[in-house]
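Participant: Take this structure first; my questions come after.
The values are calculated or read from the model by the stated rules, or taken from the named source; none is laboratory data. All figures in this text were calculated on a predicted structure; none of them were measured in a lab. Cβ atoms come from the backbone with ideal geometry, glycine included; neighbour counts cover every protein chain shown.
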Amino acid sequence: MKRYYTILLLGVLAFQTVQAQDPIFTQSNYVQETLNPGFSGFEDNDRIYAGILSRLQWPSLDLNLTTQYAFVNKSFDYGPGFGFGIGANAIWQYESFNNYNFVQVNFNYAHRVNLNGGWFFRPGIEVGVGNKSNRFRNLTLADQININTGEISPTSIDPLSRNTRTRYFVDFTTGIVFEKEEFNGITYWFGASVKHLNRPNISFVEGEQTPLEIFYSIHGNFRFPFLNDYGVMMTANYMQQGQYNRLDIGSLFQVNQLLLGLTAVTNPARNDQNSHLLTSVNAFLGLEYTEFRFGLSYDMNTSKIGNTRGVYEFSLTYLSRCRRCNLDRRRKR
C-alpha cells in the first residue's frame, strides 16, 4: 500500500511537470537574457556578451531537476542615433524520475531608440523552437498495480499509454526595456516581457490541446556608488504564469572584484492555505576576473516541502572589451 501511494504521488508530480511552468533561474536578476529579449546587445559599443548557467534543484529527492542555459549576443552601434543587438540562446531541462526533457533554441533581436534626457528605449523580439519529450514507458500507471499482491503488470489498458508523442512547437516572446544613461555613477532601468504570445500546444497526447500559459515578467534595477569605489545594486522581478506568481527582491554589493548578493523569493498569490509568502532566501557569491564573471548561488528553502538540500546554481559570463570607448567601460549589471 505504501508503495502504491508513493507511485501515485510521483505520478501527480510528473503530471505537474508536464503542465510546465517555465524554468526560472535564481540569477536571472543578474543575467536578464533569461527573462527579456530587450537585453540583447544591452551593453552597447559593439560588445559581445555570452554566458552559461547551470542549475541543480532538490538533489536529495528522487525527482531532482537540472536546468542548463547558454546565450550569446552582440551589439551593433552606428552613431548615437542608431543601434541594435542580435543574439541566440538555448535552454535544456531534465527531470530524473520520469526522464522528462525540455529543449528550446531561441533567436532574438533588440532595437535601441535614443530618447530625450538620456533615456533609451529597447524593444525586442524572440522566436524559438522547442521540444518536450517523456519516456512514458518508464511510468507505472494505476491499473498496472495489484494492490493485494503488490505485483506490477507490464501492460496497461489506459489509452494514454499508447497515444503519446514527442511535442515540437514554435514559440514567440517580446519585451521592452527603458534605460537611463549613467550619471554620477547612478544607473537604473526597468522592463517587461511576455513569453509564449502564441500559446503553443505542449500536450503529449495526440489530438489534444494544452496551450502553454503566457509568462509575464516586470523587472527593474537601480545601481549606485557606495563609499566611492564600491557599488550597490537593488533588483526586483515580478513573474506570473497562469495562477502562479512570484516576486523576487534582492540586493547585490560589489567590493572591488567581489560580489555578494541576497534575494528574498516570495509567493504573493498564496494559492492555497498551505502556501508560504516567503518561499526561499537565496545567497549569491560572485567574482570578476578580467572579462569574466563567476557566480555561485544557493537557495535556502523556507517552506515545508521537506529536506530538499536546496537549489544550487553556477554561472559564468563573458563581456568583451569596449571597442568604441576611450576607456574600457564597466558592466551595466
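Participant: Tell me whether the stretch 292-312 contains one or more residues that are at pLDDT 75 or above, under 14 Å from Asp46 (Cα atoms) and buried (at least 16 other Cβ atoms within 10 Å of the Cβ).
Facilitator: Within the stretch 292-312, not a single residue is at pLDDT 75 or above, under 14 Å from Asp46 (Cα atoms) and buried (at least 16 other Cβ atoms within 10 Å of the Cβ).
Participant: Of the conditions (1) modelled with pLDDT under 95; (2) farther than 26 Å from Glu43 by Cβ, Arg323 clears all except one; give me its number.
Facilitator: Failing condition for Arg323: (2).
Participant: Now a separate question. Quick test for you: out of Thr149, Thr187, pick the one residue that is modelled with pLDDT of 70 or more, out of contact with any Pro (no Cβ under 6 Å at 6 or more places or on another chain) and assigned to a strand (DSSP E or B).
Facilitator: After ruling out the rest, the residue left standing is Thr187.
Participant: Being under 19 Å from Trp189 (Cβ atoms) and either aromatic (Phe, Trp, Tyr) or not in a strand (DSSP E or B) (or both), is that true of even one residue in the stretch 79-97?
Facilitator: yes
Participant: Looking only at the stretch 114-143, filter to residues that are modelled with pLDDT under 70, buried (at least 16 other Cβ atoms within 10 Å of the Cβ) and touching a strand residue (DSSP E or B) at 6+ places or on another chain (Cβ under 9 Å); which one of those is nearest to Phe178 (Cα to Cα)?
Facilitator: Looking at the filtered set, the residue picked out is Phe136.
Participant: So is Glu33 closer than 22 Å to Leu252 by Cα, at pLDDT 55 or above, part of a loop (DSSP other than H, G, I, E, B) and of a type outside the set (A, V, I, L, M) or not?
Facilitator: Against the criterion (closer than 22 Å to Leu252 by Cα, at pLDDT 55 or above, part of a loop (DSSP other than H, G, I, E, B) and of a type outside the set (A, V, I, L, M)), Glu33 does not qualify.
Participant: Still on this model: Keeping to the stretch 218-245, report how many residues are surrounded by fewer than 17 Cβ atoms within 10 Å (Cβ to Cβ) and of a type in the set (Ser, Thr, Tyr).
Facilitator: Total satisfying the criteria: 2.
Participant: Would you mind telling me which numbered condition in (1) closer than 25 Å to Ala283 by Cα; (2) part of a strand (DSSP E or B); (3) not aliphatic (A, V, I, L, M) Glu181 fails?
Facilitator: Going through the list (1) closer than 25 Å to Ala283 by Cα; (2) part of a strand (DSSP E or B); (3) not aliphatic (A, V, I, L, M), Glu181 breaks only (1).
Participant: Something else: Is it the case that the stretch 42-51 has a residue that's outside any loop (DSSP other than H, G, I, E, B) and either basic (Lys, Arg) or farther than 21 Å from Arg333 by Cα (or both)?
Facilitator: No, every residue in the stretch 42-51 fails to be outside any loop (DSSP other than H, G, I, E, B) and either basic (Lys, Arg) or farther than 21 Å from Arg333 by Cα (or both).
Participant: Among the residues of the stretch 79-116, what is the count of those that are touching a residue at least 40 places away in the same chain (Cβ under 8 Å) and of a type in the set (Gly, Ala, Ser)?
Facilitator: 4
Participant: Just to be sure I understand, how many residues within the stretch 276-291 are exposed (fewer than 13 other Cβ atoms within 10 Å of the Cβ), of a type in the set (S, T, N, Q) and within 21 Å of Ala236 (Cβ to Cβ)?
Facilitator: Counting residues in the stretch 276-291 that are exposed (fewer than 13 other Cβ atoms within 10 Å of the Cβ), of a type in the set (S, T, N, Q) and within 21 Å of Ala236 (Cβ to Cβ) gives 0.
Participant: While we're on this one: Restricting attention to the stretch 246-266, report how many residues are buried (at least 17 other Cβ atoms within 10 Å of the Cβ), more than 20 Å from the chain's Cα centre (by Cα) and polar (S, T, N, Q).
Facilitator: Going through the stretch 246-266 one residue at a time, the tally reaches 1.
Participant: Within the stretch 47-87, take every residue that is among the charged types (D, E, K, R) and crowded, with 17+ Cβ neighbours inside 10 Å and give me the one that is farthest from the chain's Cα centre (by Cα).
Facilitator: Per the stated criteria, the residue is Asp77.
Participant: Could you check, for the stretch 228-237, whether at least one of its residues is assigned to a strand (DSSP E or B), under 27 Å from Ala283 (Cα atoms), hydroxyl-bearing (Ser, Thr, Tyr) and modelled with pLDDT under 95?
Facilitator: Among the residues of the stretch 228-237, at least one is assigned to a strand (DSSP E or B), under 27 Å from Ala283 (Cα atoms), hydroxyl-bearing (Ser, Thr, Tyr) and modelled with pLDDT under 95, which makes the answer yes.
Participant: Let me ask something else. Which count do you get for residues in the stretch 188-214 that are surrounded by fewer than 18 Cβ atoms within 10 Å (Cβ to Cβ) and either within 20 Å of Ala110 (Cα to Cα) or of a type in the set (Lys, Arg) (or both)?
Facilitator: Residues meeting the conditions: 6.
Participant: Quick one: in the stretch 173-187, of everything that is among the polar types (S, T, N, Q) and under 20 Å from Phe107 (Cβ atoms), which residue is surrounded by the fewest Cβ atoms within 10 Å (Cβ to Cβ)?
Facilitator: Step by step, filter the stretch 173-187, then rank; the result is Thr174.
Participant: Would you call Leu316 of a type in the set (A, V, I, L, M, F, W, C) and at pLDDT below 85?
Facilitator: no
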